[in-house]
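The structure under discussion appears below in the form of structure tokens.
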Amino acid sequence: MVIAVSVTAAIVAACVIFNVVNGGKNNESDTTDATNEVVVNPYSLPDIDSVSMTDSPILYDFVSGCVGLNEDIVPMVGIDSYFIIISKEDSSRLFVVMNYGNQSEDEINNLLPVFSSSPIRVNLNEEQFKTFNNEVAELENDGDIKSYKEGDYTFYVIPYSIVLLDSSNIEVIDFKQLMNDKKPGDLAIKISDGMGIPTEIIRSKCDVQRIKEISGIDFNDSFWDNVNYNAHVKLHKRSGSEYCIISPIYKRLVAGYGDPINMFTVNGDDKMMTVENLSDYLGHEGYEPIDQALKAKDYATQDEVDEKHQQGV
């Protein structure tokens, strides 16, 4: 069932070579094949801008790094981990992404979404591809894996335990090497580069009541309509090129007193002010209003965050 979610602008055998696709984009110059295997009808994954989230939700999620978002083929929250393999009709080329389950000591992280890796290209020759098809057909018949058909593509959802505990299940793919070669998908990169986890995804995929119980954070609060969890937002001065970085937190204004509230840090420093008071304070310092910065969605990378944390306001 397709879930209507808008993502905020806001992933082998020794003779088979794996090549990482650059962010899911159709850029063959970044994926050089150092292999003598003869691939039958090779193809590239489409650019995400050319994929319809409505008509091809599984492919959209596969390419953009959020498998399970628009079509529930894997859970986005939990401890279970999966390989997702895409196979196209009449081609012996495969692409694979990985979804790792959360197993964090921080309980809230275990309740937040998991985002898939960047697709990795797997080239098989004709005989290897026949073997692959026989292997996945047997696993599906036994109920060990699931497959989903969408257009010219078939998607195989394979639990880690099926192939990592018994590599003979799919002999033509070295899944341990895939794990070593994995890189973050497009959405995971955007999240770590300052966007944070989109509120729409948390609200649609997570147990927000349980999150509230263990952390106090209420993602149904209107505060989260305008900012993402763990976002780093640039707040620019009205003149010049200077900016500070604000990030949402949930805590008490005065230690030990009163109820916690949603507010922001500035360059990593707790100013211990309500959002309104902080916006007024920063306005006196020459900065744009907070609500204006949140609408602009100009996010700071981790390097910029680290640099600003050395400064003050």
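The values are calculated or read from the model by the stated rules, or taken from the named source; none is laboratory data. In this text, all values refer to a predicted model and were calculated from it rather than measured experimentally. Cβ coordinates were reconstructed from backbone atoms using ideal geometry, including for glycine residues, and neighbour counts include every protein chain displayed. Protein only, heavy atoms only, side chains kept; ligands, DNA and RNA dropped before computing areas. Shrake-Rupley method; radii C 1.70, N 1.55, O 1.52, S 1.80 Å.
For the range 288-307, enumerate the residues that are among the charged types (D, E, K, R) and farther than 14 Å from G196 by Cα.
Pass one, the range 288-307, residues among the charged types (D, E, K, R): 288, 291, 295, 297-298, 303-304, 306-307.
Answer for the range 288-307, where residues must be among the charged types (D, E, K, R) and farther than 14 Å from G196 by Cα: E288, D291, K295, D303, E304, D306, E307.
Whether any residue in the range 304-313 is in contact with a helix residue (DSSP H, G or I) (Cβ under 6 Å, 6 or more places away or on another chain) and either modelled with pLDDT of 95 or more or open to solvent by 60 Å² or more (accessible area, probe 1.4 Å) (or both) is what I want to check. Let's see the steps before the verdict.
At the first step, the residues of the range 304-313 found to be in contact with a helix residue (DSSP H, G or I) (Cβ under 6 Å, 6 or more places away or on another chain) are none.
No, every residue in the range 304-313 fails to be in contact with a helix residue (DSSP H, G or I) (Cβ under 6 Å, 6 or more places away or on another chain) and either modelled with pLDDT of 95 or more or open to solvent by 60 Å² or more (accessible area, probe 1.4 Å) (or both).
Restricting the range 69-93 to residues that are assigned to a strand (DSSP E or B) and of a type outside the set (A, V, I, L, M), which is surrounded by the fewest Cβ atoms within 10 Å (Cβ to Cβ)? Spell out how you get there, then give the answer.
As a first pass, look at the range 69-93 and keep what is assigned to a strand (DSSP E or B): 71, 82-88, 93.
Now narrow it down to the ones that are of a type outside the set (A, V, I, L, M): 71, 82-83, 87-88, 93.
Numbers: E71: 21, Y82: 26, F83: 26, S87: 21, K88: 17, R93: 21.
That would be K88.
Would you please list the contacts, defined by Cβ atoms under 8 Å and residues six or more apart or on different chains, that run from a residue in the range 259-272 that is of a type in the set (F, W, Y) to a residue that is in a loop (DSSP other than H, G, I, E, B)?
F264/K271
Quick check on the range 232-252: of everything there that is of a type in the set (A, V, I, L, M) and touching a helix residue (DSSP H, G or I) at 6+ places or on another chain (Cβ under 6 Å), which residue is farthest from K295 (Cα to Cα)?
Pass one, the range 232-252, residues of a type in the set (A, V, I, L, M): 233, 235, 245-246, 249.
Those still in the list that are touching a helix residue (DSSP H, G or I) at 6+ places or on another chain (Cβ under 6 Å) too: 233, 235, 245.
Details: V233: 10, L235: 11, I245: 14 Å.
Taking the candidates together, the pick is I245.
Do we have any residue at all in the range 221-232 that's loosely packed, with under 13 Cβ neighbours inside 10 Å, polar (S, T, N, Q) and at pLDDT 95 or above?
yes
Which count do you get for residues in the range 228-265 that are within 23 Å of E285 (Cβ to Cβ) and not β-branched (V, I, T)?
Number satisfying all stated conditions: 20.
How many residues are closer than 14 Å to H232 by Cα, at pLDDT below 95 and surrounded by 16 or more Cβ atoms within 10 Å (Cβ to Cβ) if we restrict to the range 269-303?
So the count comes out to 0.
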